[in-house]
């Protein structure tokens, strides 16, 4: 036992001695508790998958090891998120952050911690249009598209399907409000009528009041810009039970297996869209996640893998783990020109970068960063005949 | 016909949902108010007692389902409920023994007990998540609707539909029965009278030979039974999610305070006041106006307040009550 202890101490000391040059820390700032707590585990596993792949290749920064530190940003409490990210930056001394998760807390932690401290944040899931125009000084990227784009796609799909009037309910935060307002703008430009814009608060005990208001306003369909684990489902349940609406339109926050598990055949006339890539790289990612023992189709798992991979690839490209230096490389590794890199090819990417060859990271979600560093976004249109998710086409 | 349509619309969207929600709040508020009246502190762990109790009921429900037990159209959770209450009561009595008893003995200030209950709340919060996880769980089996919208429309030929879910009906019945039983217990039985005596004047009660520990135990058991019932009915009606039970604490306390902390009648009234004010004040009257005034389709929604403000409504009521009648509608204890 004593020997074992000694050995442990010795190894630890060795490790600590080498740490300054070798250890790279990635912070994962996700809402492990709060309204999206059911998505966080798969997102973490997505990011960990990328980190493990990089570590297994042994080619990162000449053999450096990457570790991750998880902090709970609660998704709703901006103060808690700022404190969590502050801890990542000042006491954990991470080299980059994969996060935040929800738009509001991401804005807060970015403005108050990441930008002043010069820390790169790549969010897999913060989709508020407000993040497009934020003064991030080049420190913020996201592997998911802005909701302004989603609002446009949703409006197009509804027009194609002949839905001319719609009631809108949105979760009362930056994500819901941003998406709902973007949608309203595009939909009304295209000649549609929004009968009511009613906010709902998440995690509340009862949604009868919202359902009553939406039902009284009426419309061909109800757009639910909320979360499936939260008020969104509560409202759909209420609207179905009271016969207020039969047709629902679901954006990405609602689109998950949980939705189908919960409502099944009751969604026969409903439809929706969420950002998603298709094709061989996506299939490869799903295969990898299945082998790793989790569901790659879980919302934002692929985006998380991509966000973590982008951080590490940018470091390799810049030959530096200093956020102030490698932030300029993120767009270079994410976009063309260069050799295409799918999921499972991070080792190859590191090799190419070490040799000075340019790469174009495709990843699990066909990453293409536009504008100030956000995903251009491919959306899949989905409907639910027979109570199962059926992909109609890509937009 | 139009008047019937208007009536049905109000029943369907306002009266039925608010009544079901109100009964759930009333059961929760009854537990809070009992603890407040007898143990003299605001028990913040009440919401999470509901959560862990419901989690236990769900686990038992799954067990019974696996055994192939069925209650026909009724949810099996009703069968699991008494056992769930017993287990949760054991757990709560354990927290009393380990935490609250000490503070009672040293005659700590109520605020110390409130803080202790906050600690218990976080503990229960974590325990619930360990026990059953963070995901949303639906555990209602059996029939879903007593009256469904389609059936109702076919029967009556009205354009407005009416839905009454079985879970809403059960909620109303169980809440009514347990209120009746509780009031009977408090007013008619020896133990109930002992509890009220203890609540009115602790020292005098001790002099009359009432065993304080027995009163405390009884209070915990009754409050837990009410909490687990409220939690299970709420879970049956909506769904179970650990996070929501933490959030429901606020309207429950609002209900208990509006009614008057320490007053059981007040708790029931407060529950319904809060529930109806949340739903009714934000209801847009456009459709109803269209039915009642023929030939008039208003442009606007005729909505007094938009739904974001529904919580503000219950808290405005709370503030008004505290300003003008600090003891609550039914003269609870004033502080």
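Quick note: the coordinates plus some simple rules give every number you see, no bench work behind them. Fair warning: this is a prediction, and the values are worked out from it, not measured in the lab. When we count neighbours, we look across all protein chains shown, and the Cβ atoms used for this are built from the backbone with ideal geometry, even at glycine.
In the set B:129, B:144, B:165, which member is surrounded by fewer than 16 Cβ atoms within 10 Å (Cβ to Cβ) and facing chain A (nearest Cβ under 9 Å)?
Numbers: B:129 fails: surrounded by fewer than 16 Cβ atoms within 10 Å (Cβ to Cβ); B:165 fails: surrounded by fewer than 16 Cβ atoms within 10 Å (Cβ to Cβ).
Only one candidate qualifies: B:144.
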*Could you check residue B:289 against (1) in contact with a helix residue (DSSP H, G or I) (Cβ under 8 Å, 6 or more places away or on another chain); (2) touching a residue at least 12 places away in the same chain (Cβ under 8 Å); (3) over 17 Å from residue A:207 (Cα atoms) and say which number it fails?*
(1)
*Going by the conditions given, is residue A:237 within 9 Å of chain B (Cβ to nearest Cβ), more than 24 Å from the chain's Cα centre (by Cα) and surrounded by fewer than 23 Cβ atoms within 10 Å (Cβ to Cβ)?*
yes
*Output the residues belonging to the stretch A:260-285 that are closer than 19 Å to residue A:153 by Cβ and in a loop (DSSP other than H, G, I, E, B).*
A:270, A:276, A:277, A:278, A:279
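State whether one or more residues within the stretch B:243-252 are farther than 22 Å from residue B:57 by Cα and under 12 Å from the mean Cα position of the chain (by Cα).
First, pick out the residues of the stretch B:243-252 that are farther than 22 Å from residue B:57 by Cα: B:250-251.
Still in the running and under 12 Å from the mean Cα position of the chain (by Cα): B:250-251.
Within the stretch B:243-252, one or more residues are farther than 22 Å from residue B:57 by Cα and under 12 Å from the mean Cα position of the chain (by Cα).
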*Hey, could you check the stretch B:4-53 for residues that are over 21 Å from residue B:259 (Cα atoms) and under 13 Å from the mean Cα position of the chain (by Cα) and say which is surrounded by the most Cβ atoms within 10 Å (Cβ to Cβ)?*
B:51
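Hey, among A:205, A:212, A:244, which residue is closer than 29 Å to residue B:275 by Cβ, within 11 Å of chain B (Cβ to nearest Cβ), touching a helix residue (DSSP H, G or I) at 6+ places or on another chain (Cβ under 8 Å) and in a helix (DSSP H, G or I)?
On the way: A:205 fails: in a helix (DSSP H, G or I); A:244 fails: in a helix (DSSP H, G or I).
Just one listed residue meets the conditions, A:212.
Does residue B:177 satisfy the condition of being surrounded by fewer than 19 Cβ atoms within 10 Å (Cβ to Cβ), within 12 Å of another protein chain (Cβ to nearest Cβ) and within 19 Å of residue B:19 (Cα to Cα)? Reasoning before the result, please.
Numbers: surrounded by fewer than 19 Cβ atoms within 10 Å (Cβ to Cβ): yes; within 12 Å of another protein chain (Cβ to nearest Cβ): no; within 19 Å of residue B:19 (Cα to Cα): yes.
Here the answer is no, as residue B:177 does not meet what is asked.
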*With the checklist (1) closer than 24 Å to residue B:256 by Cα; (2) within 11 Å of chain A (Cβ to nearest Cβ); (3) out of contact with any strand residue (DSSP E or B) (no Cβ under 8 Å at 6 or more places or on another chain) in hand, flag the one item residue B:289 doesn't pass.*
(1)
*residue B:271: touching a residue at least 40 places away in the same chain (Cβ under 8 Å), on the phi > 0 side of the Ramachandran plot and away from chain A (no Cβ under 11 Å), yes or no?*
no
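Return yes when residue B:243 is assigned to a helix (DSSP H, G or I) and more than 10 Å from chain A (Cβ to nearest Cβ) and no when it is not.
Details: assigned to a helix (DSSP H, G or I): yes; more than 10 Å from chain A (Cβ to nearest Cβ): no.
So residue B:243 fails the test.
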*Whichever residue in the stretch B:292-318 is without any contact (Cβ under 8 Å) to a residue 12 or more places away in the chain and not in a helix (DSSP H, G or I) and, among such residues, is farthest from the other protein chains (Cβ to nearest Cβ)*: B:295
*In the stretch A:166-199, how many are facing chain B (nearest Cβ under 10 Å) and either at positive phi or over 22 Å from the mean Cα position of the chain (by Cα) (or both)?*
5
